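J.: Take a look at this one; I'll ask things after.
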């Protein structure tokens, strides 16, 4: 019952958010996700729904090298500790945030450089505005607001991605409608559905040779 109630709260707030304008489009409600084939581009942002990863998730030693079959990573081996849910100014090793999304969370990634690209700077603002506008997850204890995190990911090969366990969107810009559809479908909907504070890998030394 508690899980159902927290999903209802998240969905209601996401519907309200979807009425605002972010990034690529005019005000709109959540729409259906594109075909999950990794090639069909949808909307003004050319958003694709990546082919899901079949990899199981096992813990490996912190800073061990991990190979992922998808870019961005969306499932697979990861470190035993997970990244805290917040915005990071620098990239962190996927082994941390893949564990975070295993808990039913969502990672927002950008592969462009806001310092040199005005369009990227606008994208980052759109992402931040959307993420900070998401509601309090009742399964999370403040100051953790919900299970979302945001970070640069230079090897993404695209300006934007939204990642949940086993699934991801890649796009040229931020389409709030499709991001909302992804979160409504997958947020808190995994075999590990838990919200517990992680830690900030950027405070640790080293940060595992991030990409």
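J.: If each residue of separation counts as 0.36 nm, what is the full-extension length gain between residue 37 and residue 155 once their alpha-carbon separation is subtracted?
T.: 40.4 nm
J.: For residue 196 and residue 117 in one chain, what is 0.36 nm times their gap in residues minus the Cα-Cα distance, to one decimal in nm?
T.: Using 0.36 nm per residue and subtracting the Cα-Cα distance, I get 24.9 nm.
J.: Relative contact order for the range 112-194: what is it in percent, counting Cα pairs under 8 Å that are at least 6 residues apart?
T.: For the range 112-194, the relative contact order is 22 percent.
J.: I would also like to ask the following. Compute the Cα gyration tensor for the range 152-211, then decide on rounded, prolate or oblate, letting a ≥ b ≥ c be the square roots of its eigenvalues: rounded whenever a/c is under 1.5, prolate when a/b is larger than b/c in the other cases, and oblate in all that remain. Working shown, then result.
T.: Working: a/c = 2.57, a/b = 1.21, b/c = 2.13.
It comes out oblate by the Cα gyration axes.
J.: So for the range 2-203: antiparallel DSSP bridges make up what percent, rounded to the nearest 5?
T.: 60 percent
J.: For the range 2-203, what class follows from the C-alpha gyration tensor (a ≥ b ≥ c being the square roots of its eigenvalues): rounded when a/c is under 1.5, otherwise prolate if a/b is larger than b/c, else oblate?
T.: The shape class here is rounded.
J.: Would you please classify the overall shape of the range 86-135 from the alpha carbon gyration tensor, given that a ≥ b ≥ c denote the square roots of the eigenvalues, rounded means a/c under 1.5, and beyond that prolate means a/b larger than b/c while oblate covers the rest?
T.: Taking the square roots of the gyration eigenvalues as a ≥ b ≥ c, the range 86-135 is oblate.
Every number in this text was worked out from the coordinates using simple rules, so none of it is lab data. Just so it is clear, the structure is predicted and the values come from calculations on it, not from any experiment.
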